[in-house]
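As structure tokens, the structure follows; a few thoughts come after it.
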Amino acid sequence: MKPALISLTLALLLPVVTTAQESPAPASDDTTATAVPGVAGGHGKAAVIAAYDANGDGTLTLEEYTQVRKTRFDEADADKDGALNEAEYVAEFEGRLKQQYADQNKQPDERYENSMKQASVRHAIVDRNRDGLLSWDEQQLVAASTFDRLDSNKDGVIDATDPEPEREDRDDTAGDTGDTGGAAAQPAN
Ligand SMILES: [Ca+2]
Ligand SMILES: [Ca+2]
Ligand SMILES: [Ca+2]
């Protein structure tokens, strides 16, 4: 069983179910732990392309990335106030995590619980102005750094010609906010 393929397939099948950054974020935690040879990390470049490449040409533009994320953001915004509170953010994340576990015929385990805790931590991190709400502008800040990191040859698009970034771990959502996210993303096991 190849977690990378599974997460890719999942991402392709459920492109619009996610939101805030990060669709591939949860998958990554899992695939990272189970060691995926080809796709280091899981929410690395390939997973992100698979999740956001709207027209399926293998090239992810910033426009596509933004458009898909906006759709997901709006879907997660349950009370339609234009921002994601922690509950909305975590609920969206859990939806993806559950789907991922179901796809792999797994039951929620310790890693699941850790991932959920991380989601709450991430919300606090990406909420730059600490008003308890992840605004679209704040979301865009995170996304911009993620896109820039994955566009490692800096030609404005993410595709097969971009060398895989060296540090692609878990900062899909947390971005440059290393410390907290990093610690949380390294479960005891
Ligand atoms: Ca909201
Ligand atoms: Ca905020
Ligand atoms: Ca590129």
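Here the gap between GLN104 and THR59, fully extended at 0.36 nm per residue and compared with their Cα-Cα distance, gives a gain of 13.5 nm. Estimated from the Cβ-Cβ distance and a Förster radius of 22 angstrom, the FRET efficiency linking SER152 and ASP74 is about 0.15.
For the range 46-125, relative contact order (Cα pairs under 8 Å, six or more residues apart, normalised by length) works out to 20 percent. Between their Cα atoms, which of LYS106/LYS154; LYS98/LYS154; LYS70/LYS117 are more than 32 Å away from each other? In this structure, LYS106/LYS154; LYS98/LYS154 exceed 32 Å between Cα atoms.
Bear in mind that the values in this text are calculations on the coordinates, not laboratory data. Keep in mind it's a predicted model, so treat the numbers as computed, not measured. Neighbour counts are summed over all protein chains in view; Cβ atoms, including those assigned to glycine, are modelled from backbone coordinates with ideal geometry.
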